[in-house]
Amino acid sequence: MELVFATNNKHKIEEVQQLLPTGISLLSLQDIGCTEELPETGNTLESNARQKASYVHKKFGVDCFADDTGLEIEALDGRPGVNSARYAGEEKSAKKNIEKVLEELKDIQNRNATFKTTISLIINNKEFLFEGKVKGKISAELKGRNGFGYDPVFIPKGHTTSFAEMPLEEKNKISHRAIAVGKLVQFLNELSTT
């Protein structure tokens, strides 16, 4: 089975590829010749994921899935949330996004946060949604060199290290994206046996 992951983020493709069973071949947007920026104008993670998957499915006629991920920080009323990638501006700079978050949390004790991923899968012309969440805290400084996005400042609940300090195999057991992809994989496995 071939599935297109509607993203240009190489890190996401690498993470998800490790989670998929061997019978599923993951293609990127580049693989299908999609070079344009996908629409992402929704005000929720779910609407953005649906928008991206729908666009690729309609334009290229392929089975595909798209995700949208957001970091929701309690003390910031859920921000950056759906604006996580562009929190510090349109250039999507992870470094600037993290700097902005740390600055806003500077004198705040409550550092509770939730990482969320929503996946929209379109297969056989039907849409299915999957969600993954992981609770944790925002550290006071960057820790680790692995991962991407907010990984260097997100410490998942029950752990003392940030996502960026963990090897990919460890992060892939507990992350928000791993949980959502796990539900997607379970669904695809059930689909292939019916």
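Each value in this text was obtained by applying a stated rule to the coordinates, not by laboratory testing. These figures come from a predicted structure and were not determined experimentally. Please note: Cβ atoms are built from the backbone with ideal geometry, for glycine as well, and neighbour counts cover all protein chains shown.
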HN-Hα J couplings of segment 159-173 from phi, Karplus 6.51/-1.76/1.60, θ = phi - 60°, integer Hz, Gly and Pro as x?
10, 10, 10, 6, 4, 6, 8, 8, x, 3, 4, 6, 4, 5, 8
Take segment 13-116, drop everything but the C-alpha atoms, weight them equally and run the Debye formula without solvent; then report log10 I(q)/I(0) at 0.16, 0.19 Å⁻¹ to two decimals.
-0.84, -1.04
Most exposed first by the Cβ proxy, i.e. fewest other Cβ within 10 Å, how do Cys34, Cys64 rank?
Cys34, Cys64
With a cut-off of 8 Å between alpha carbons and a minimum separation of six or more residues, what is the relative contact order of the chain in percent?
18 percent
Over segment 145-194, relative contact order from alpha-carbon pairs under 8 Å, at least 6 apart, %:
25 percent
Run through the DSSP bridge list for the chain and note the antiparallel percent, rounded to the nearest 5.
85 percent
Report the semi-axes of the equivalent ellipsoid for the chain in whole Å, largest first, where each axis is √(5λ) for an eigenvalue λ of the Cα gyration tensor.
29, 18, 14
For segment 2-193, what is the charge dipole size about the Cα centre, in debye to the nearest 20, if Lys and Arg each add +1 at the Cβ and Asp and Glu each add -1 at the Cβ?
280 debye
Segment 89-192: radius of gyration and largest Cα-Cα distance (Dmax), Å:
15.8, 52
Full-extension gain in nm, Leu191 to Ser93, via 0.36 nm per residue minus C-alpha separation:
31.5 nm
Output the 0 to 90 degree angle, nearest 10, between the alpha-carbon long axis of helix 94-104 and the longest principal axis computed from the alpha carbons of the chain.
40 degrees
